[in-house]
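Below: one structure, written as structure tokens.
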Amino acid sequence: MRLLLALCTTAVAASVLLPGSVQAQPEPSLQDVQRQVEALYGQAEVSTEKYNGLQEKLQEKQKQLQLINQRIARQQKKLEEMRKTIGAIASAQYRNGGMDTTLQLLLANDPQKFLEQAASLDQLTQQQADQLRRIAASQQQLNSDKRAAAREIAEIEQLRKQMEAHKNEIVGNLNKAQRLLNGLKAEQRRKLQAADRGDDVKYIGAASGDAAIAIEFARRQLGEPYEWGATGPDSWDCSGLTMRAWEQAGVDIPRTSQAQYDALRKVPRSQLRPGDLVFFGYNGEVSHVGIYVGNGRMIHATHPGSTVQLDPVDSMNKPYIGAARP
């Protein structure tokens with residue numbers, strides 16, 4: 001028995017030391033969790049900007065479809081009125097002994113086909129020929145508009161599918177980040193919240209004109225929550241805030257951070273002035289934007305779970321890409 005006990009004890013000890021044996025994994029440090037959460041927020045932010053871009057395209061497509069449908073309705077009404085006019089003539093002829101073959105053709109569903117096949121228009125009066133041509137042209141325009149509407153509908157459906165895919169990416173990354181945060185101890189969460197509080201210094205800048213209006217609008221949003229895809233009035237994502245801020249000054253800029261960077265005049269960092277937009281991202285792809293307010297600070301909608309804050313430009317956890325002036 002003593003020998004058996006000794007052998008068992010030795011075997012247990014050996015199993016603890018054997019390579020590949022199951023051991024308890026150390027808890028990730030606060031810094032590890034912070035890095036992972038920041039990476040997930042960054043991925044969600046990239047997807048958010050793509051989602052915003054698709055949403056802008058979708059809205060434009062929906063406007064185009066609305067215009068086409070209005071055109072279709074007008075064309076159908078016009079065609080019906082033309083057919084009614086010719087129908088009245090046909091009814092009168094029928095009562096007087098039968099309807100002329102020409103009028104039968106005028107009332108046909110495809111008057112253009114008759115025009116193409118007719119050997120001569122001598123059989124028509126000039127008035128009837130003109131009516132036939134007008135009906136044929138209206139029918140062609142109506143058919144063309146219906147095809148255009150079908151194309152727009154197909155493109156809208158495709159955009160919605162792409163938006164849904166980006167939405168799933170955003171929600172998935174945010175859920176992963178939240179699970180990591182939920183795994184922290186209370187003291188660790190307090191430290192993270194303290195680090196993410198932003199700058200308490202109130203900005204009193206030297207901006208003037210449109211820039212002053214844009215900055216003042218952004219300043220009034222300090223403390224309001226970040227929400228992906230939001231453009232106000234009570235929650236914001238980064239590019240939604242900068243777009244609305246400059247909109248208050250009467251300046252229209254694109255919806256997404258990448259589009260804002262592409263469209264606006266570039267400014268060297270050494271020449272930054274209040275009201276300029278500062279951009280951040282990876283590999284030259286912009287995914288975050290803030291509005292510069294002077295003294296090395298910017299106002300920006302930060303990330304999920306946080307708010308609109310006043311922060312140093314150099315405090316970002318992603319590379320600085322450049323600046324542009326609306």
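Structure notes:
- Whether the range 272-313 is rounded, prolate or oblate, judged on the alpha carbon gyration tensor where a/c under 1.5 counts as rounded: oblate
- Of the whole protein surface, Thr307 contributes about 40 Å² of accessible area at a 1.4 Å probe radius.
- For peptides 65-75, 229-239, 164-174, sequence by mean Cβ density within 10 Å, most packed first: 229-239, 164-174, 65-75
- Approximate spin-label separation Ala73-Arg179, in nm, with each point projected 7 Å along Cα-to-Cβ: 4.9
- Close amide H partners of Val267, meaning residues 5 or more places away or on another chain with modelled amide H under 5 Å apart, are Ala323, Ala324, Arg325.
- Cross-link partners of Lys146 among lysines, defined as those whose alpha carbon lies under 20 angstrom from its own and excluding same-chain residues fewer than eight positions apart: Lys61, Lys63, Lys77, Lys78, Lys113.
- Added length on full extension, which subtracts the Cα-Cα distance from 0.36 nm per residue, Ala263 to Glu27: 80.4 nm
- Segment Arg35-Lys161, length gained on full extension (0.36 nm per residue, minus Cα span): 42.2 nm
- Straight-line reach from Lys57: taking Cα to Cα under 17 Å and skipping same-chain neighbours fewer than 8 places apart, the lysines in range are Lys161, Lys167.
The values are calculated or read from the model by the stated rules, or taken from the named source; none is laboratory data. Keep in mind the model is a prediction, meaning the values are calculated, not measured. Using ideal geometry, Cβ is built from the backbone for each residue, glycine included, and neighbour counts are taken over all protein chains shown. Quick note on the areas: whole protein, heavy atoms, side chains included, nothing else; ligands and nucleic acids left out. Shrake-Rupley method; radii C 1.70, N 1.55, O 1.52, S 1.80 Å.
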